[in-house]
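**Student:** Before I ask anything, here is the structure I am working with.
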Amino acid sequence: MLGTIVIVALLVLVVQAAWRFLDTYWFQPKKLEKILRKQGLTGNPYRFFFGDARETGRMFKETYSKPIGITDNIAPRVLPFITKTIQKYGKRSFVWVGPKPVVFIFDLEMMKVILTKYIPFQKSFKASNPIFKRLVGGLIVYEGEQWSRNRKKLNPAFHLDKLKEIVCRMQKQGQETLDEWSSMMPKDGSPLSIDVYPYLKHYTGCVVSWALFSAAPTPIVKRTFTIISELTHISNQAQPFIVPGEQYFLKKYKRANEIEKELEATFTGMIEERLEQRKRGERKAEPDLFDLVMDELEAVDINDKNGRAAAVYEIIQQCKLFYVAGHDTTANLLCWTIIMLSYHKQCQTRARQEVFQVLGDRENITVDDLANLKYVTMILNETLRLFPPAVELTRVVEEETSVGDLILPKGSMVMMPVVLLHRDPKIWGDDAMEFKPDRFAEGVLKAANGHAAFLPFGWGARTCIGANLAMMEAKMFMALILRNFSFELSPTYAHAPMVTLLVQPQYDVPIVMRKL
């Protein structure tokens, strides 16, 4: 009798599991597909379990196998399947990320609604692959009151008065990088060919270290930058669908676990060290970013082990976020800017003239000097337009919601392809594919013909909190390099933008430097 009960119970569990599996990977996707097609949206028919994932993976492998021309549109390389789908079905279309349909949104008014309504449209991180989830946390994933409270708390670290304190550190660190390049110049006066990318990452890493910890990066901090960059590389955000269970046998997950444990140990050690400093009364007159995120931990009862563990976890997530956003994002911006100016020599010459005009013979560069580098700012904006840090913005539809003429069902997703929006001729003009900094001469809104379509750091209230720091940091380095070197692309350079967490070079970035 007992055996029969056990067998029946097991059969019930098996049937329930089978039903949940079929419902998740067949019935629900087909139901969503029917709803979308009734509204005139088109795309490939749903394919069991994988959706479009197999073809997406194949196309990424194919496009990443060879470089492109420096003036080529990067969209087919960084969004190959999406570009192909839009060419085939038009902008009112969708793709399948596993069992979830992803609807493309190009209408700017609809985008504003989606980016503003955080309850029905939530960040897609929870739908991403497990490795990518390890990279995101803190302010970027908060919503509603939690986001508002944390944003308000962290804002002082990014006020202009606070950033002024870091400007001299930016210049010192940038000059150290250029001095190292100068020391490597051949004695016979010939130019130097050097891969600039690692040096740019070192520069931005040092600046972030000052912003976060008010100190130069220690060997441990430098190690942290390295392994976080490794984690972004293997996160493979571009292909979010995974086969259930693959995290238990693929090597990349093992490595991700190792990195996660090392990061946790490193940041925990930093937290304990800062707590000890506070106990000794060693508080800074002006708190740094680390102090601001530490305040919540001190507010938790020391006997509340669960509360303190949760607070430590949130601090670690915030630190990872600022390392990634403040380190790799600005390094990539500088990298693409140097590449563009190496190719567009007339823009480099004009930018250099502006730098000498604004700075003169003065050694120290001030915040006001950086603000007066109007053409350099235009160059950085144009680089961000053509090489946006994130190629798309994606949201999960948590409840059925009407947007424009669409009714988006719960369980679907929406995608705003930033890299395509930034190259849309209807917004930017017939020269949208070209590198033309002068389009920003009268401001961002005028450049986009009155449209709020420039989204390198997000949009509206959720604009990246570190955007001003990133731009200031980038302008400082560009001012330094322009008044010290002329530069051009090495014949060995291969133009190959790729997507991990951000748009970054797939290969080395060899640049030929000539000392001025």
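Nothing in this text is a laboratory measurement; each read-out follows from the coordinates by a stated rule. Given the structure is predicted, the values throughout are model-derived calculations rather than measurements. All Cβ positions, even for glycine, are placed from backbone atoms using ideal geometry, and neighbour counts span all protein chains on display.
**Student:** In region 318-341, is there at least one residue being surrounded by fewer than 18 Cβ atoms within 10 Å (Cβ to Cβ), within 28 Å of the chain's Cα centre (by Cα) and either among the β-branched types (Val, Ile, Thr) or assigned to a helix (DSSP H, G or I) (or both)?
**Tutor:** Checking region 318-341: not a single residue is surrounded by fewer than 18 Cβ atoms within 10 Å (Cβ to Cβ), within 28 Å of the chain's Cα centre (by Cα) and either among the β-branched types (Val, Ile, Thr) or assigned to a helix (DSSP H, G or I) (or both).
**Student:** Name the single residue that is surrounded by the fewest Cβ atoms within 10 Å (Cβ to Cβ) among those in region 26-49 being out of contact with any strand residue (DSSP E or B) (no Cβ under 8 Å at 6 or more places or on another chain), at negative phi and in a loop (DSSP other than H, G, I, E, B).
**Tutor:** Residue satisfying both the conditions and the ranking: Pro45.
**Student:** Which of the residues belonging to region 271-286 are among the hydrophobic types (A, V, I, L, M, F, W, C), surrounded by 10 or more Cβ atoms within 10 Å (Cβ to Cβ) and free of Cβ contacts under 8 Å to residues at least 40 places away in the same chain?
**Tutor:** Leu275
**Student:** State which residue is nearest to Phe158 (Cα to Cα) when the search covers only region 299-308 and only residues that are of a type outside the set (Lys, Arg) and exposed (fewer than 11 other Cβ atoms within 10 Å of the Cβ).
**Tutor:** Ala299
**Student:** May I ask you to list pairs of residues, at least six apart or on different chains, whose Cβ atoms are under 6 Å apart, with the first in region 190-201 being free of Cβ contacts under 8 Å to residues at least 40 places away in the same chain and the second being surrounded by 20 or more Cβ atoms within 10 Å (Cβ to Cβ) and basic (Lys, Arg)?
**Tutor:** Within 6 Å, no pair qualifies.
**Student:** Specify the residue that is nearest to Glu230 (Cα to Cα); the eligible residues are those in region 501-516 that are among the hydrophobic types (A, V, I, L, M, F, W, C) and in a strand (DSSP E or B).
**Tutor:** My answer is Val503.
**Student:** Now for a separate question. Being touching a helix residue (DSSP H, G or I) at 6+ places or on another chain (Cβ under 8 Å) and on the phi > 0 side of the Ramachandran plot, is that true of even one residue in region 455-477?
**Tutor:** yes
**Student:** Could you check how many residues of region 18-52 are among the aliphatic types (A, V, I, L, M) and under 13 Å from Ser412 (Cβ atoms)?
**Tutor:** 4
**Student:** Right, another one. Is it the case that some residue within region 57-65 is under 19 Å from Thr394 (Cβ atoms) and among the β-branched types (Val, Ile, Thr)?
**Tutor:** Checking region 57-65: not a single residue is under 19 Å from Thr394 (Cβ atoms) and among the β-branched types (Val, Ile, Thr).
**Student:** Just give me the residues in region 178-196 being buried (at least 18 other Cβ atoms within 10 Å of the Cβ) and in a helix (DSSP H, G or I), in sequence order.
**Tutor:** The answer is Leu178, Trp181.
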